[in-house]
């Protein structure tokens with residue numbers, strides 16, 4: 001059974017095809033549209049708040065001819081003690097696939113193991129692969145001829161600034177290795193990538209090193225793209241003051257970008273806290289492509305869903 005829990009879950013040869021499919025979906029939107037999910041029902045199980053992820057998946061399932069079934073802890077028996085395994089097995093009898101946004105990545109793996117239907121990672125505390133694929137698609141559009149021009153991103157330097165122990169940093173570590181992007185991570189030593197992602201990288205890409213630095217000015221030199229994320233993610237609110245103080249030197253400002261010696265593309269997965277992790281002035285730059293990233297979530301996720309739909313069959317009784 002094919003799942004999409006991590007950037008590297010799909011065979012390498014299928015990834016360019018997925019990006020070509022996303023480019024096709026983008027061109028076809030508003031016109032005659034194939035319906036690979038016609039007659040299918042896909043569950044959307046969200047344990048975290050969401051704007052872009054929820055709406056893009058719900059719209060994408062609809063545009064592919066399917067029906068999205070909204071699920072959350074407040075309306076499932078898991079909120080009253082039913083086991084995840086029992087829930088997964090039951091949902092697998094009703095649905096053709098599951099899109100899950102959750103805290104613990106192990107929960108995603110359990111659903112994938114027990115449900116018998118394709119499972120998509122719509123964000124966990126460990127990885128956010130749908131965002132990375134959309135971001136690489138966006139960079140390919142800007143640096144090349146189209147979103148499926150993956151040759152245009154190979155060898156380009158992307159600098160991630162801020163909390164380098166986050167799910168977004170983890171996903172860029174895997175994604176950069178997969179797509180041949182030169183990744184530099186910059187943040188405080190206390191927020192550097194931990195052993196779990198280092199072990200995963202070594203397993204997936206033996207010998208591939210993580211380039212982590214504590215000096216932001218040095219990191220951004222020669223950058224083709226600069227990426228940041230919120231400093232206080234869901235679940236980190238108790239550490240908000242400590243995080244803001246530690247991460248302030250890594251804010252994406254005009255002064256910092258002036259040290260790059262380039263005119264980099266500016267990316268942020270949103271939501272944005274303007275004048276915290278990124279300045280209002282930088283957000284107003286023509287090369288700040290946040291809304292393109294957000295739109296491309298729809299097209300890439302539709303491609304993922306269409307690819308998985310071939311295996312999206314309910315388990316027999």
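The values are calculated or read from the model by the stated rules, or taken from the named source; none is laboratory data. Bear in mind the structure is a predicted one, so any value in this text is a computation, not a measurement. In this analysis, Cβ positions are derived from the backbone assuming ideal geometry, glycine residues included, and neighbour counts consider all displayed protein chains.
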Is it the case that residue 113 is closer than 28 Å to residue 291 by Cβ, surrounded by fewer than 24 Cβ atoms within 10 Å (Cβ to Cβ), modelled with pLDDT of 95 or more and not assigned by TED's automatic domain parsing to the domain that holds residue 253? no
Residue check, residue 123 against (1) within 20 Å of the chain's Cα centre (by Cα); (2) in a loop (DSSP other than H, G, I, E, B); (3) more than 23 Å from residue 291 (Cα to Cα); (4) not assigned by TED's automatic domain parsing to the domain that holds residue 243, all met but one. Which one? (3)
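Would it be correct to say that residue 146 is touching a residue at least 60 places away in the same chain (Cβ under 8 Å), in the same structural domain as residue 209 (by TED's automatic domain parsing) and crowded, with 19+ Cβ neighbours inside 10 Å? Spell out how you get there, then give the answer.
Working: touching a residue at least 60 places away in the same chain (Cβ under 8 Å): yes; in the same structural domain as residue 209 (by TED's automatic domain parsing): yes; crowded, with 19+ Cβ neighbours inside 10 Å: no.
So residue 146 fails the test.
Conditions (1) out of contact with any strand residue (DSSP E or B) (no Cβ under 9 Å at 6 or more places or on another chain); (2) surrounded by fewer than 18 Cβ atoms within 10 Å (Cβ to Cβ), marked per residue:
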position: 32; (1), (2): yes, yes
position: 66; (1), (2): no, no
position: 70; (1), (2): no, yes
position: 88; (1), (2): no, no
position: 95; (1), (2): no, no
position: 103; (1), (2): yes, yes
When only residues in region 179-190 that are in a helix (DSSP H, G or I) and touching a helix residue (DSSP H, G or I) at 6+ places or on another chain (Cβ under 7 Å) count, which is surrounded by the fewest Cβ atoms within 10 Å (Cβ to Cβ)? 190
Where in region 210-314 are there helices (runs of 4 or more DSSP H), lying fully within it, with 3 or more residues that are touching a residue at least 60 places away in the same chain (Cβ under 8 Å)? 290-309
Is it true that some residue in region 152-159 is surrounded by fewer than 17 Cβ atoms within 10 Å (Cβ to Cβ), over 19 Å from residue 301 (Cα atoms), out of contact with any strand residue (DSSP E or B) (no Cβ under 8 Å at 6 or more places or on another chain) and touching a residue at least 40 places away in the same chain (Cβ under 8 Å)? no
